[in-house]
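The values are calculated or read from the model by the stated rules, or taken from the named source; none is laboratory data. Just so you know, these numbers come straight off a predicted model, no measurement behind them. Virtual Cβ from ideal backbone geometry, glycine too; neighbours counted across all protein chains shown. All accessible areas refer to the heavy atoms of the entire protein, side chains included, with ligands and DNA or RNA removed. Shrake-Rupley method; radii C 1.70, N 1.55, O 1.52, S 1.80 Å.
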Amino acid sequence: MKKKLTIGILAHVDAGKTTLSEALLFLSGKIRTLGRVDHKNTYLDTNVVERERGITIFSKQARFSTQNCDLILLDTPGHVDFSAETERTLSLLDYAILVVSAPDGVQNHTRTLWQLLEFYKIPTFIFVNKTDISIKFVEELEAELSSALSPNCVAFHEKYSKSELDEHLALVHEEFLDSFLNGEPIDDADIASLIGERRLFPCLFGSALKTTGVEFLLDALDRYTLEPIYSNEGFGARVYKILHHGTTRLTYMKITGGTLRARDELSYVSADGTKMCEKISQLRLYSADRYEQVDSVCAGEICAVIGLSQTYVGGGLGIEADTCKPLLEPVLSYSIELPQECDVRVFFPKLKEIEEEEPSLHLSWNNELRQIEAQLMGEIQVDLLKRMISDRFGVQCELGVGRILYKEKAASKAIGIGHFEPLRHYAEVQLLIEPQPKGSGLIFNTNLPENSLDTNWQRLILSHLYEKDHRGTLIGAPLTDTKITLIAGRAHLKHTEGGDFREATLRAVRQGLMKSGCTLLEPYYSFRLELPTQYVGRAMTDLQNRCAQFEIASSSEETTLICGRGPVATLGDYTRELIAYTRGEGRLFCTSDGYEPCHDQADIVAQVDYDPTADLENTPHSVFCAHGAGFVVPWNEVDSYKHLEPDVDLSSTERIIPKASRLARQYSLNDDELEAIMMREFGPIKRKKYSEPKIFSADKKEHRPKKKSVSAHKNITIIDGYNLIFSWSELKELADFSLEKARESLMDILSDYVAFTKTDVVLVFDAYLVKEGLGSDFMHDGYRVVYTKENETADAFIERMMFELGPDYSIKVVTGDKLVQFSAVSSGILRVTAKEFEDDVRRVGNEITDFIKKLTLNDKKL
């Protein structure tokens, strides 16, 4: 059975990638005539713009077979403007062929492609093309590949015999050295295994135009590849392209598990989170523009599906997760200027159809400027977009001047506070904002124990952080390279709703950024400048004036190579100037190279003139409540109104260990020391001493005192709630997980206890640390529950309550706090330890169980 493989061809522009594709198809027997790019008759470049410009713009697939393999060949764009299209195909590949032009050598874009192949862990064959017109020796080319890409790049020469290839491999890889020294031939499967692990990169040489070396490449693919193993857990697929043919919507995907059949119902989630269930109406296998309709496809196949209306590029189906965000992103933004007769509101949804096919466009409506904007990589992509709009919608549009896509990051650490409390709503969120290294992106985390804020609220806050495109405070640019950590939050038992936390979270982010400040970032190019040596002085002066960093990589009497990096804003238009002063002999190759701090931040900020406090969609202000009405507090005054005080040290990256809670405090004083303290503070215990009983004789009449009528005392039990929770092992374990759950469990236990014993109970919870807490007092299942107010401990409340109740009550205090116990004894009140009360509760629980059993038996007898 033949191996089924998906192979992609990648290269720098003009390296001969499409020509190699033609040669592979021709020599495998797929096509009868060999097409040429300059003749505009290649098998895969079928788009009009592709043939006009002589470059590949859209990735396409072709199918052909060799002796041992059924291959799906993906031809990808080579121009840097269409790097996003190339990157989207990488997640589908089993193997890649990286084409390098022998005369040009390893270019900047070649290095970018190599990094992408390394990131996606794709085994790679390297084909050095145009060796027939190169002045470099093969040994020089191999050394250049080993130096620029990987030391594991090994030349597989067509002229090598088996023993010569084995000797060459043994010199590079120790795994093969023992076998070679023992005179044993190196097995093809061992070579294929190293290639599959990206520990060996075969380098083959030839000329695609003359088809030399291409047969040897086909033979290498046949011998040194392994068929991938796919999942047996069920159906899975990755969507990599969306196309529209008239009213037909095609979803291109690679099947990574199971089997997909026509008329199957497929369940998936759309980009906006909507759950979809749609029927597959048709399955197509494409080869260039031709297709074959099939009834089913299995794992390893690439197909186009009709019937799915809400799929999106990068989406995972079945057991597959969504693919990660592309590493290569556009750096320029253009406004789309439509004719006056076009209604922008009507036309914008139509343009979103193009964005489905090319997600990197990021089409958006700029409400401030009242215009449609698209993000593009360069001038060629601008021409293509105009052509697509004209061909598909019959509208001639223009694109404005390209605008640099800046980003922002937090400048320093700060705590952002967001409070949302209009009438009958409540949420407060506090976030730690921290700058991160280059390329980190946005990181969201929580560092908050569950007993401070329930897990469901914490997850809701994190989901709100993920769903928002956060903006900086300098020019309103997208935020990046920043870590946002949840460090404090509070909800209200009755008034908090999900939307409250969204408002509080987003306000906390903005308030934190206002406090920390932001750093403006601009996109950078990594460039490679080749020009005649006589113009080097002019070029170096220009690069210095354009804030570029560079070095001379090589120089001769005729040509000089300068490599470096610099801002997109200054290098974007340098190609035209270079061509002018070098009379067309200079060449500049640029590749996106991430973001760096902006070289002219003050000028850009002044030019944009963005007011973060006036951005109503991203407000930093908070809403508090007083006298039954909400009022807005400016961001710079929120700290004085906040309800929470997190234990975070901004000078350190570590969270400070919170101070010991008053709810579970322990004392190391013994009973004698405590009694001495009570004697010193409150004086001696004042109890009425009993006299000896008097004996009345029968003959002597004594005056007997009248008996006082004794009124029945009311019994009441006062319980220190948190002390009880942290004294009972079961409740303490529950409190370690969730303090709220522990409170609810204790209240449920007391509900049964009160109902059975008919005891008056007051359960007191310490809310000493609650900022501006007013306390609460309510009835629950027949007993009273009290939360103390701010700066009032449960101990103080119990002592005050014991004094206020007076002698008309028979009071029992349940606590493990020795200070409260001695205070109770001093007042003649019965003290009960937490352990004694637990035993009493268990006894009552057993009595309840026995009572229920008796009732059950009586019912059965009746």
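Residues in region 32-83 that are polar (S, T, N, Q) and under 17 Å from L243 (Cα atoms) were compared, and the one that is farthest from the chain's Cα centre (by Cα) is T46.
L432 - would you say it is under 30 Å from Q601 (Cβ atoms), crowded, with 18+ Cβ neighbours inside 10 Å and among the aliphatic types (A, V, I, L, M)?
Numbers: under 30 Å from Q601 (Cβ atoms): yes; crowded, with 18+ Cβ neighbours inside 10 Å: yes; among the aliphatic types (A, V, I, L, M): yes.
For L432, the condition - under 30 Å from Q601 (Cβ atoms), crowded, with 18+ Cβ neighbours inside 10 Å and among the aliphatic types (A, V, I, L, M) - is met.
Could you say whether any residue in region 428-437 is within 21 Å of the chain's Cα centre (by Cα), without any contact (Cβ under 8 Å) to a residue 60 or more places away in the chain and part of a loop (DSSP other than H, G, I, E, B)? Checking region 428-437: at least one residue is within 21 Å of the chain's Cα centre (by Cα), without any contact (Cβ under 8 Å) to a residue 60 or more places away in the chain and part of a loop (DSSP other than H, G, I, E, B).
I'd like the full set of residues that are open to solvent by 40 Å² or more (accessible area, probe 1.4 Å), among the polar types (S, T, N, Q) and in a helix (DSSP H, G or I), limited to region 155-189. Of everything in region 155-189, just one residue is open to solvent by 40 Å² or more (accessible area, probe 1.4 Å), among the polar types (S, T, N, Q) and in a helix (DSSP H, G or I), namely S163.
Mind listing whichever residues of region 383-411 are under 25 Å from T247 (Cα atoms) and either among the small types (G, A, S) or open to solvent by less than 30 Å² (accessible area, probe 1.4 Å) (or both)? First the steps, then the outcome.
Our first condition is that a residue be under 25 Å from T247 (Cα atoms); within region 383-411, this holds for 383-397.
Those that are under 25 Å from T247 (Cα atoms) and either among the small types (G, A, S) or open to solvent by less than 30 Å² (accessible area, probe 1.4 Å) (or both): L384, L385, I389, S390, G394, V395, C397.
Would you check which residues across region 19-35 are surrounded by 21 or more Cβ atoms within 10 Å (Cβ to Cβ) and touching a residue at least 60 places away in the same chain (Cβ under 8 Å) and list them?
Of everything in region 19-35, those that are surrounded by 21 or more Cβ atoms within 10 Å (Cβ to Cβ) and touching a residue at least 60 places away in the same chain (Cβ under 8 Å) turn out to be T19, L20, E22, A23, L24.
For region 318-329, the set of residues classified as open to solvent by less than 50 Å² (accessible area, probe 1.4 Å) and farther than 25 Å from L363 by Cα consists of E320 only.
Sort out which residues of region 584-599 are farther than 13 Å from E530 by Cβ, open to solvent by 40 Å² or more (accessible area, probe 1.4 Å) and either touching a Ser or Thr at 6+ places or on another chain (Cβ under 8 Å) or part of a loop (DSSP other than H, G, I, E, B) (or both), and write them in order of number.
Step one: list which residues in region 584-599 are farther than 13 Å from E530 by Cβ, which gives 591-599.
Adding the requirement that they be open to solvent by 40 Å² or more (accessible area, probe 1.4 Å) leaves 593, 596-597, 599.
Across region 584-599, the qualifying residues are D593, P597, H599.
Within the bounds of region 101-123, is there any residue that is open to solvent by 10 Å² or more (accessible area, probe 1.4 Å), at positive phi and in contact (Cβ under 8 Å) with a residue 60 or more places away in the chain? Scanning region 101-123, I find at least one residue that is open to solvent by 10 Å² or more (accessible area, probe 1.4 Å), at positive phi and in contact (Cβ under 8 Å) with a residue 60 or more places away in the chain, so the answer is yes. Taken together, D38, D45, D75 contain a single residue that is free of Cβ contacts under 8 Å to residues at least 40 places away in the same chain, crowded, with 24+ Cβ neighbours inside 10 Å and not hydrophobic (A, V, I, L, M, F, W, C), which is D45.
Just so you know, in region 792-838 the residues that are at pLDDT 75 or above and among the aromatic types (F, W, Y) include one that is most open to solvent (accessible area, probe 1.4 Å), and it is F797.
So, in region 108-124, of the ones that are closer than 22 Å to E530 by Cβ and not aliphatic (A, V, I, L, M), which residue ends up modelled with the lowest pLDDT?
N108
Across region 270-283, not a single residue is classified as at positive phi, open to solvent by less than 30 Å² (accessible area, probe 1.4 Å) and not in a helix (DSSP H, G or I).
Conditions (1) touching a residue at least 40 places away in the same chain (Cβ under 8 Å); (2) closer than 30 Å to Q371 by Cβ, marked per residue:
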position	(1), (2)
E265	no, no
S270	yes, yes
V294	no, no
L317	yes, no
S335	yes, yes
L351	no, yes
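Residues in region 553-583 that are in contact with a strand residue (DSSP E or B) (Cβ under 8 Å, 6 or more places away or on another chain) and surrounded by 14 or more Cβ atoms within 10 Å (Cβ to Cβ): 17 in all.
Scanning region 334-356 for residues that are open to solvent by less than 40 Å² (accessible area, probe 1.4 Å) and under 24 Å from the mean Cα position of the chain (by Cα) yields one hit, E355. Residue under question is S193, and the condition is that it be within 27 Å of Q115 (Cβ to Cβ), at pLDDT 90 or above and of a type in the set (S, T, Y); does it hold? Yes. Would you point out the residue of region 531-552, among those that are open to solvent by 60 Å² or more (accessible area, probe 1.4 Å) and not aliphatic (A, V, I, L, M), that is nearest to I604 (Cα to Cα)? Ranking the qualifying residues of region 531-552, first place goes to N545.
Say we look at region 190-205 and pick out the residues that are of a type in the set (A, V, I, L, M, F, W, C) and not in a loop (DSSP other than H, G, I, E, B); which of these is most open to solvent (accessible area, probe 1.4 Å)? Break it down into steps so the answer makes sense when it comes.
So the first thing to find is which residues in region 190-205 are of a type in the set (A, V, I, L, M, F, W, C), and the list is 191-192, 194-195, 200-201, 203-205.
Filter once more, so that each one left must be not in a loop (DSSP other than H, G, I, E, B): 191-192, 194-195, 201, 203-205.
Values: I191: 0, A192: 1, L194: 10, I195: 0, F201: 6, C203: 0, L204: 1, F205: 33 Å².
Within region 190-205, the match that is most open to solvent (accessible area, probe 1.4 Å) is F205.
L217 fulfils the conditions (1) in contact (Cβ under 8 Å) with a residue 60 or more places away in the chain; (2) outside any helix (DSSP H, G or I); (3) open to solvent by less than 40 Å² (accessible area, probe 1.4 Å) except for a single criterion, (2). Would you call H419 part of a loop (DSSP other than H, G, I, E, B) and at pLDDT 90 or above? Criteria not met by H419. Of the residues making up region 706-759, those that are at pLDDT 80 or above and in a strand (DSSP E or B) are I716, T717, I718, I719, D720. Being surrounded by fewer than 18 Cβ atoms within 10 Å (Cβ to Cβ) and either part of a loop (DSSP other than H, G, I, E, B) or of a type in the set (G, A, S) (or both) is the filter here; which residues of region 291-306 pass it? D295, S296 - these are the residues of region 291-306 that are surrounded by fewer than 18 Cβ atoms within 10 Å (Cβ to Cβ) and either part of a loop (DSSP other than H, G, I, E, B) or of a type in the set (G, A, S) (or both).
Scanning region 290-346 for residues that are touching a Pro at 6+ places or on another chain (Cβ under 6 Å) and within 15 Å of Y268 (Cα to Cα) yields one hit, V313.
Taking region 760-774 only, how many residues are closer than 17 Å to I725 by Cα, outside any loop (DSSP other than H, G, I, E, B) and either out of contact with any Ser or Thr (no Cβ under 6 Å at 6 or more places or on another chain) or at pLDDT below 75 (or both)?
Restricting attention to region 760-774, the residues satisfying the condition of being closer than 17 Å to I725 by Cα are 761-768.
When the remaining residues are screened for being outside any loop (DSSP other than H, G, I, E, B), the result is 761-765.
Narrowing further to those that are either out of contact with any Ser or Thr (no Cβ under 6 Å at 6 or more places or on another chain) or at pLDDT below 75 (or both): 762-765.
Qualifying residue count for the region: 4.
Out of T473, T480, report the one residue that is touching a helix residue (DSSP H, G or I) at 6+ places or on another chain (Cβ under 7 Å), open to solvent by less than 50 Å² (accessible area, probe 1.4 Å) and of a type outside the set (A, V, I, L, M). So that I can check it myself, show each step before the final result.
Values: T480 fails: touching a helix residue (DSSP H, G or I) at 6+ places or on another chain (Cβ under 7 Å).
The unique qualifying residue is T473.
Pairs meeting the criteria (first residue in region 745-756 and β-branched (V, I, T), second residue in a helix (DSSP H, G or I) and open to solvent by 10 Å² or more (accessible area, probe 1.4 Å), beta carbons under 7 Å, at least 6 apart or on different chains) are I749/V841.
Which count do you get for residues in region 133-150 that are part of a helix (DSSP H, G or I) and open to solvent by 70 Å² or more (accessible area, probe 1.4 Å)?
Initial filter on region 133-150 (part of a helix (DSSP H, G or I)): 133, 138-148.
Okay, now just the ones that are also open to solvent by 70 Å² or more (accessible area, probe 1.4 Å), so 133, 139-140, 147.
Final tally of qualifying residues: 4.
Considered as a group, the residues in region 227-254 that are in a strand (DSSP E or B) and out of contact with any Lys or Arg (no Cβ under 9 Å at 6 or more places or on another chain) include one that is most open to solvent (accessible area, probe 1.4 Å), and that residue is H245.
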